[in-house]
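Notes follow the structure.
The values are calculated or read from the model by the stated rules, or taken from the named source; none is laboratory data. Owing to the predicted nature of the structure, the values given are computational and were not obtained by experimental measurement. All Cβ positions, glycine included, derive from the backbone under ideal geometry; neighbour counts span all protein chains shown.
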Amino acid sequence: MTPSSKLTSLHEAIARGVADGSTIVLGAGLEACIPFAAGHEIMRQRKRGLTLVGPISDILFDQLIGAGCVRAVRAAWVGNVITGSGYNFRRAVESGRIAVEDHSNLTLALALRAGAMGVPFLPTRTALGSDLFASNAHLKSITCPFTAERLTAVAAIVPDVAILHVQRADAAGHAHLWGNFGVTREAGLASQHVIVCAEEIVAAEVIARDPNRVVLPGFRVNAVVHAPWGAHPSPMPGHYNRDHELFLSYQRESQTPEGFAAWQARWVDAVQTSADYLALLGAERAARLALAHHDYSEAVDYGY
């Protein structure tokens, strides 16, 4: 390790970076690159009173809610993208255990963009005439000072922490991401603290050879974690496909609080390392999720 290295364990990154009561961005890449390993570590450490921010977090938000970690959600959608509603989320909302601030994917992206820009809000035409205003106090109808037209003002979101899962990063925090970025850049630039989880840790020279693919400057990153298979069961472009089987089994197993507790005991509490997780997943299943076809991008020339 060099003095500039930010490499640390997942346990340490979460212990130091996520405090009780924090506002956290998870699932910034929409349906891919969801940091499940980091979310499970939050559950193991029994963090409490969290506010979760994300466009489409898939079942990770549901799992954190079921584990008792969450007091509020600011999201466009929460559930199981294959089967529909998340049972823990539904139980928590119906019982009044968590507060929900409804967004569209665009209003959430604009809120994080405003936070990244350091401005209090951004104007847009979206959401006008919708019911989002009824449940979201951070959307306001305004009059444009230049055209007098009606607009929506979307208040900035400045999270305490963003946890981002990427394909590769160097020890200083420079990270490469490809596929759907979603709101990854906005989340990383808006947040006070950034944890990057990566499938691979590579030399700085590897990152430097493709500078346009760097999703965040390294100085914005506080911790770097080597987390192979850390986005499973969501897909990780270039590494593994979506595990439809796990989403379906989770839907069945989380229908009751008792069922979810058993699921958590097996898939979260009994797992400490990536090796533990892969052993539980099994080599045959991991092989089925591996890429069947590779589709490489065109090479570019940064010569001088």
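Restricting attention to segment 141-166, the residues being charged (D, E, K, R) and surrounded by 14 or more Cβ atoms within 10 Å (Cβ to Cβ) number 1.
Residues considered: 128, 132. Of these, the only one that is farther than 23 Å from residue 23 by Cβ, among the hydrophobic types (A, V, I, L, M, F, W, C) and without any contact (Cβ under 8 Å) to a residue 40 or more places away in the chain is 128. What do you reckon, is residue 231 of a type outside the set (Asp, Glu) and part of a loop (DSSP other than H, G, I, E, B)? For residue 231, the condition - of a type outside the set (Asp, Glu) and part of a loop (DSSP other than H, G, I, E, B) - is met. Return yes or no: is residue 61 within 19 Å of residue 255 (Cβ to Cβ) and either modelled with pLDDT of 95 or more or surrounded by 24 or more Cβ atoms within 10 Å (Cβ to Cβ) (or both)? So residue 61 passes the test.
Note on segment 18-58: among residues that are crowded, with 23+ Cβ neighbours inside 10 Å and among the β-branched types (Val, Ile, Thr), the one that is farthest from the chain's Cα centre (by Cα) is 42.
For segment 27-45, the condition of being in contact with a helix residue (DSSP H, G or I) (Cβ under 7 Å, 6 or more places away or on another chain), of a type in the set (A, V, I, L, M) and modelled with pLDDT under 95 holds for at least one residue.
Taken over segment 83-101, the criterion of being within 21 Å of residue 182 (Cβ to Cβ), crowded, with 18+ Cβ neighbours inside 10 Å and of a type outside the set (D, E, K, R) is satisfied by 86, 89. Residue count for segment 198-243 satisfying the condition of being within 22 Å of residue 9 (Cα to Cα) and among the polar types (S, T, N, Q): 2. Assessment of segment 214-232 against the conditions (buried (at least 21 other Cβ atoms within 10 Å of the Cβ) and not aliphatic (A, V, I, L, M)) yields at least one matching residue. Being surrounded by fewer than 14 Cβ atoms within 10 Å (Cβ to Cβ), of a type in the set (Asp, Glu) and either over 23 Å from residue 30 (Cβ atoms) or without any contact (Cβ under 8 Å) to a residue 60 or more places away in the chain (or both), is that true of even one residue in segment 234-250? Yes, segment 234-250 has at least one match.
For segment 203-225, the count of residues that are within 26 Å of residue 288 (Cα to Cα) and part of a loop (DSSP other than H, G, I, E, B) is zero. I'd like to know if segment 289-296 contains one or more residues that are among the hydroxyl-bearing types (Ser, Thr, Tyr) and under 19 Å from residue 26 (Cβ atoms). Among the residues of segment 289-296, not one is among the hydroxyl-bearing types (Ser, Thr, Tyr) and under 19 Å from residue 26 (Cβ atoms), which makes the answer no.
Annotation note: of 127, 109, the sole residue that is under 18 Å from residue 29 (Cα atoms) and touching a helix residue (DSSP H, G or I) at 6+ places or on another chain (Cβ under 8 Å) is 109. Screening segment 27-101 for helices (runs of 4 or more DSSP H) wholly inside it with 1 or more residues that are under 22 Å from residue 186 (Cβ atoms) and in contact with a His (Cβ under 8 Å, 6 or more places away or on another chain) returns the ranges 36-44.
For the residues 164, 151, 139, the requirement of being closer than 30 Å to residue 227 by Cα and at pLDDT 95 or above singles out 164. Against the conditions (1) touching a Leu at 6+ places or on another chain (Cβ under 7 Å); (2) surrounded by fewer than 20 Cβ atoms within 10 Å (Cβ to Cβ); (3) farther than 15 Å from residue 28 by Cα, residue 104 satisfies every one except (3).
Among residues of segment 61-80 that are free of Cβ contacts under 8 Å to residues at least 40 places away in the same chain and more than 17 Å from residue 94 (Cβ to Cβ), those with a Cβ under 7 angstrom from a residue that is polar (S, T, N, Q) and surrounded by fewer than 24 Cβ atoms within 10 Å (Cβ to Cβ), sequence gap 6+ or separate chain, pair up as 76/104; 76/105.
Residues that are part of a loop (DSSP other than H, G, I, E, B) and either free of Cβ contacts under 8 Å to residues at least 60 places away in the same chain or hydroxyl-bearing (Ser, Thr, Tyr) (or both) are absent from segment 257-269 altogether.
Checking 107, 83 one by one, the residue that is of a type outside the set (D, E, K, R) and more than 30 Å from residue 229 (Cα to Cα) is 107 and no other.
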